[in-house]
Number of protein chains: 2
Amino acid sequence: MTQQAPHRYLGKARKLVDGVEKVTGRARYAGDVSLPGMLHGKLALSLFAHARITRIDTAAALKIPGVVAVLTADDLPTRNRQPSSRQTTTLAREVVRYRGEPVALVLATSLAAAEDGVAALQIDYEPLPAPVTAEAALDPAAPVIWPQGAPKADTDLTAAHAAVARGEEQSDHVASNIHEQKRFSRGDALAALATAEVVVAGTYRTAIVHQGYLEPHAVVADIEPIRKHITLYTSTQGQFGVRDEVARLLGLRTSQVTVVPMTVGGGFGAKYGILDPLAAAAALAVGRPVRIVLDRSEDFLTTTPSPASTITIKLGATREGVLTAIVAEMVIDNGVYPFTLGGIMSTLLGGYYRCPNVQIDVVEVLTHKPQAGAYRAPGAPQVTFALESSIDELARRLELDPLELRLRNAATTGDPMGNNDPWPSMGLRQVLEAAANHPLWRERTPGSGVGLAIGGWPCGMSPAAAVCRVDTDGIVRVHVGSVDISGVNSSFVLVAAEILGVPPEQVEIVAGDTRSGPFAGPSGGSQITYSVAGAVAAAAQEARRQLLEVAADMLEARIDDLDLRDGAIHVRGLPGRTLPIGEVARRAQEQQGGPGPIVGEGRTAPAENAPGFVAHIVQVTVDNETGRVQPLRYVAIQDVGFPLNPLMVEGQIHGGAVQGIGWGLHEALRYDENGELLTASLMDYTLPRAADVPSIETVLVTNPAPNGPFGARGVGEPPITAGAAALANAIRDATGARIYELPMRDEVVWRAMQKGVNKQ
Amino acid sequence: MTQQAPHRYLGKARKLVDGVEKVTGRARYAGDVSLPGMLHGKLALSLFAHARITRIDTAAALKIPGVVAVLTADDLPTRNRQPSSRQTTTLAREVVRYRGEPVALVLATSLAAAEDGVAALQIDYEPLPAPVTAEAALDPAAPVIWPQGAPKADTDLTAAHAAVARGEEQSDHVASNIHEQKRFSRGDALAALATAEVVVAGTYRTAIVHQGYLEPHAVVADIEPIRKHITLYTSTQGQFGVRDEVARLLGLRTSQVTVVPMTVGGGFGAKYGILDPLAAAAALAVGRPVRIVLDRSEDFLTTTPSPASTITIKLGATREGVLTAIVAEMVIDNGVYPFTLGGIMSTLLGGYYRCPNVQIDVVEVLTHKPQAGAYRAPGAPQVTFALESSIDELARRLELDPLELRLRNAATTGDPMGNNDPWPSMGLRQVLEAAANHPLWRERTPGSGVGLAIGGWPCGMSPAAAVCRVDTDGIVRVHVGSVDISGVNSSFVLVAAEILGVPPEQVEIVAGDTRSGPFAGPSGGSQITYSVAGAVAAAAQEARRQLLEVAADMLEARIDDLDLRDGAIHVRGLPGRTLPIGEVARRAQEQQGGPGPIVGEGRTAPAENAPGFVAHIVQVTVDNETGRVQPLRYVAIQDVGFPLNPLMVEGQIHGGAVQGIGWGLHEALRYDENGELLTASLMDYTLPRAADVPSIETVLVTNPAPNGPFGARGVGEPPITAGAAALANAIRDATGARIYELPMRDEVVWRAMQKGVNKQ
């Protein structure tokens, strides 16, 4: 369904530009960085979900050969500063508040010595009561986790990821484990629900899900002790934000911190700088480079998984299938620090469908668990699971085709989102129409185990800059400040190639650090292609203008008569009159009194975001004996605006769909009643494996974004949103059982099947 | 004499921006780079000036623990390619042509093992006859060094360093040790000489002088074997040229070579890539990183010192002191590969003075010694020594004040250079006038040992680009592709500070490699400030424009009413209405629908060069018993156009003057009749020490360059040109003896004193 565009390179599938480095092991990850004099850091983690630290005896550890230092909170330059609530780890001071919280950092000349050092530490704790679930934390009798008030979030993920406005604050906080309570509403939803001809209701629970990247968190901090300049080689999605937070926590000027983003082995929202302040602080404390690389268990214990949620939802509709009311209450379990997904979750829950009466109450709760963090389309899988399961039930109640019900109510451009702002240009209807035409949907029969769900994401945007140079060998180098976690560079090359008329092999992307820039926002919220490709295009246009100016002089032709293609500049209508762009660049570089070397800058700041919508259709079989669900076919339909590089877009959709299957059927971090993580390895935390995943068919809908480069929309987040709901609806179709909790593992499905049709 | 300019920061002395790194040992030099798996390379050097290599037995070397490989010419990817004649070393094949030529490269896991490996190599030679002096090589019976023709120089240093045209080729070559013979002429010099009222004549000899940098040549080559991508961390004056030559020699695309210029511990013309192709070829051959760092003796033996010259000069003049004829013959000893200084030497010799009749014959000779190379103002000390000694003699013959004689004949803007092109704007007369007013000259008495000489350099120019970013903390980052060997970055900060109205501490220079650019020419020929500062200024102007655009919106003011100073933007006349530029940059970076992040590019390509002239006055005492010369006072007067950062300019002048004293009194590489270097250490090769050098007084003449940034001219080369001549003239004044050879060591001076006044 890809539109055929009049492009030479854009819109045509090309492989990853850094594929060779990655498959041959040559790509340099943060953990590969080794510096002279570097120390290896190993963390001592809290054994309790809540306890007072009564003693840290480092004597035995310091006797171990190779151990250079044992640092505790008081040894760090961060000791007088509060970490930002979000995704930042230093060392616990006096009190630990979750199992796995770092308490001490052993630095040694080898990793083995550091590990021995951690084992030799004597840390005494005095355990304290610890509500570890949202239910327990909400008990009025529960101890309050932060009696003096929780550390304040200084960033709002809603804004960062989705470019939408925030909701309405419900009340001033009193000391409680609720750190935020908000209501999003329009119309009179309770009245509309009371008078609705049909009502469906349910309470949906989602688990804590980890981002499951291949590469655990890793960072190497270098230190120049005289100017106190820190250089961080790190696995991050956004170097500029890491720099600012590290500088703030360490009390340095931002220019004293340089963050070098290394190849990232998966981020998915978790890599905005968890370990960086700690590594930097340690390097500053000891005056030597420090490397910290988490192992898998440490990563599960100390990082920032997606929050668990409980969503009670009631839908009211007419008998004709017109939605009249959405009433919902969401409880979000954010772990030990505030995190604020309520806004975006409400924006989606109240925004997928055109409905005049909406009331959504959000309760964000603190518990003695690791802080919740962003995970690809943060909050969307949870809310989509609840809403799209409910819509499916509503269709069944109304005996309407679930797709037809959706089409009748689907929001379109200008309709209100949950926060009542209007949707910018969006393509939910186009996606539903594509789904209606797909054989897997069109040819399904009742009970054949086919489920459908929609999902969407507003997609973010950031101003960005790029610089484009043309070298004497014809190589075009494009400088960007964005991190490539999803193949964006493999699209940028096509943008520059298209504009400059050079084969894509002649384009190199040069990624900057915080010193060499240029600026781009973090790689999250599906914003990079949308934001940065425009800057790349502008920079390439300026380089093109400069090339043509010089070439016109060399070829004795008017600029208007020149054409750029195949890496050369041609005079139209005169086949012999042609010059490779490298020769033109050389002239520009050598000509005294000329215009100077070819270098163009480009800047963009989109004024409007470009939501991406999906419809996922999945067919499953369910084993009657065990409840085991096996997906058979999976169709992911997505409005991508325009696929700059379809191979990258499809890769994003494949990955998102697989993660959606993980959310739906497999993944959960489980804690016992003491806050002990029961699933701290990949043996226990089960990611979907190849055999668990069917081949995924992608259908690209190309409904151009008015402000997107060549019409492109963000594509990263949308494909994870709908999978769990589509699976739930497929299971419902196959078995008659409605599943109200994620993941839908064998025993969950089996129990639901025992209960019978549509019972909660 | 510095003009008071209406500048806030420009023209005022500020310390080196990287001084702290340098004095604390934190600056990273090429030899500091250490890579995983890196091998240490040690060269086996030829023991003969000319010999056939009959056997290289590597067996014993390979048995030494740690030795990984022994490479000879046939093992290298350069084996089928001719090195460019200039300043490139690979390994000798079949024949060695100078003592010290690299024959084999031992690679080992430690330097010690590599050294043991070299010692264990068995290399057999069959010695061949070897003319090692120009005189011997010019003997018609001498064996011809390159019977099939010498490798062709592919670059003309004259053009690269001085932006002047070449002379007229004298004849087609036949197989001979003369690789180039040229005549530069105007008028009828022989006739004019024959009829001149006064004639002085002399033959002046200069020694082979080494650049004497503190840091020997050093390079680390990294290799990515799949794409065959080479990264060189190197001590270089120009990364782009090194890249192109390495790519050419290795048969790679230039985009397969990235050159990262490291901090340079002195270049002075020698660091354009001697070892880089060899290190790259070795890394490619073994698939591992390779480090080669020369020790002092190896550096003396294998690198590219300034050529020796013999200059016979005859001046004709009227009794009133008007020059009527210059006739000269120059023999230049270029060592084993062609080098072409004749053009620039003739340009200067026929250009300092306005003279209607000039004939200069240049004979460039090959000998069995290391190839000659560029050394700061290449050829100028030699030719200035000959010419300015002759002018001094002419003044004595005419009983004219030597300065007055010079003023009567000094060239000025538009007069012909030795190549008959007109001088661009130049300030020789202003410099002479400043000298006339200086007390050391004005108050001298006959025999007081005061000498004066002028000197000059056309100065180079290259197109250049720069990029300027403004960060959210107000830090201004300027990206350049030039190498800072002379403090240029410490001037660039002032250019950006001035234009953007920020304190210089808020400006950082970010130096690019060949991938991150932007392009600049090599740091040689006094061109960097002249060329790149203009690009820096243009980039800063564009960033300023962007800042004002955003600030006008934020401050609700007209752009014309805004003022940038002290790192903030102010509304003129409204004292409270002010914004730090970092806040403006943040708005630009965050504002959706705004203009985008602040980033400006700037490009320049000066159309005309800007010669720099000096007059040096020195007072000496000469020990009658030993001939030892002790400089007492030294005044260096220079037309710098405008000193962007006077401290850097004065540093350049101090360094140049000291090197001029080295040329005049101390330095010479001496070879025996077999081509064996007798001065291969700093014990034997005597650089001037602190006690040998008087305090140097600088006088800056500010005769603005029409095309220079803020009027600046190149300042690097001119201060080395005049010192040897000024010293010779001072010795003549003190002793009555004219010295015809450099260096003027004790025995040379003593012998001349024995001969009596003005005898050759």
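The values are calculated or read from the model by the stated rules, or taken from the named source; none is laboratory data. Keep in mind that what you see is a predicted model, and the values were worked out from it rather than measured. Heads up, the Cβs are rebuilt from the backbone with ideal geometry, glycines too, and the neighbour counts pull from every protein chain shown. Heads up: the accessible areas ignore ligands, DNA and RNA and are worked out on the full protein's heavy atoms, side chains in. Shrake-Rupley method; radii C 1.70, N 1.55, O 1.52, S 1.80 Å.
Points worth noting:
- Of all accessible heavy-atom area on the protein assembly as shown, the percent that carbon and sulfur account for (1.4 Å): 49 percent
- The amide H of B:GLU741, built 1.01 Å from its N in the peptide plane, has B:ARG205 as neighbours under 5 Å, considering only residues 5 or more places off or on other chains.
- Bridgeable aspartates and glutamates around B:LYS182 (alpha carbons under 13 Å apart, same-chain partners fewer than 8 residues away excluded): B:GLU168, B:GLU169, B:ASP172, B:GLU329, B:ASP361, B:GLU364.
- For the protein assembly as shown, adding -39500 (n - 2.57) for each run of n ≥ 4 DSSP H residues and dividing by the number of residues yields -8000 deg cm²/dmol at 222 nm.
- Prolate/oblate/rounded label for chain A (Cα gyration tensor, a/c 1.5): oblate
- For B:GLU508, residues with placed amide H under 5 Å, excluding near neighbours: B:VAL476, B:ARG477, B:VAL478
- Using Cβ point charges alone (K and R +1, D and E -1), the dipole size of the protein assembly as shown about the Cα centre works out to roughly 340 debye.
- Partners of A:LYS755 within straight-line reach, counting lysines whose Cα lies under 24 Å from its Cα and excluding those fewer than 8 residues away in the same chain: A:LYS314.
- Going from the chain on its own to the full set of protein chains, the range A:467-486 has these residues losing 10 Å² or more of accessible surface (heavy atoms, 1.4 Å probe, no ligands, DNA or RNA): A:VAL467, A:ARG469, A:ASP471, A:THR472, A:ASP473, A:ILE475, A:ARG477, A:HIS479.
- Probe 1.4 Å, all protein chains present, accessible-area order of A:ILE53, A:ILE485, B:ILE332, largest first: A:ILE485, A:ILE53, B:ILE332
- Here the Karplus curve 6.51 cos²θ - 1.76 cosθ + 1.60, taken at θ = phi - 60°, turns the phi angles of the range B:236-250 into couplings of 9, 8, x, 5, 6, x, 4, 4, 5, 6, 4, 4, 4, 5, 8 Hz, with x standing for Gly and Pro.
- Nonlocal amide H pairs with A:VAL701, under 5 Å, H built at 1.01 Å: A:GLN638, A:ASP639, A:VAL640
- Computed magnitude of the charge dipole of the range B:462-604 (debye, nearest 20; Cβ of K, R +1, Cβ of D, E -1): 220 debye
- For the range A:530-622, the set of trypsin sites (Lys or Arg not before Pro) satisfying both a DSSP loop assignment and a count of at most 15 other C-beta atoms within 10 Å is given as A:ARG558, A:ARG572.
- Karplus-derived HN-Hα couplings along the range B:287-293 (A = 6.51, B = -1.76, C = 1.60, θ = phi - 60°), whole Hz, x at Gly and Pro: x, 9, x, 10, 10, 10, 10
- Length-normalised contact order of chain A in % [C-alpha pairs under 8 Å, at least 6 apart]: 16 percent
- Whole-angstrom gap from the range B:698-735 to the range B:306-325, using each part's C-alpha centre: 20 Å
- Between the range A:122-140 and the range A:512-581, the alpha-carbon center distance in angstrom: 59 Å
- Solvent accessible area, Å² - B:PHE339, 1.4 Å probe, full protein context: 10 Å²
- Overall form of the range B:462-604 per C-alpha gyration tensor (a/c, 1.5; a/b vs b/c): prolate
- Structural descriptor for the range B:462-604: relative contact order 35 percent, calculated from alpha carbon pairs under 8 angstrom and at least 6 residues apart.
- Alpha-carbon centroids, the range A:422-478 and the range B:237-252: separation in whole Å: 44 Å
- Sparse packing (at most 10 other Cβ atoms within 10 Å of the Cβ) combined with a DSSP loop state is found for the following GluC sites (Glu not before Pro) in the range A:386-416: A:GLU399.
- With all protein chains modelled, accessible area of B:TYR685 [1.4 Å, Å²]: 0 Å²
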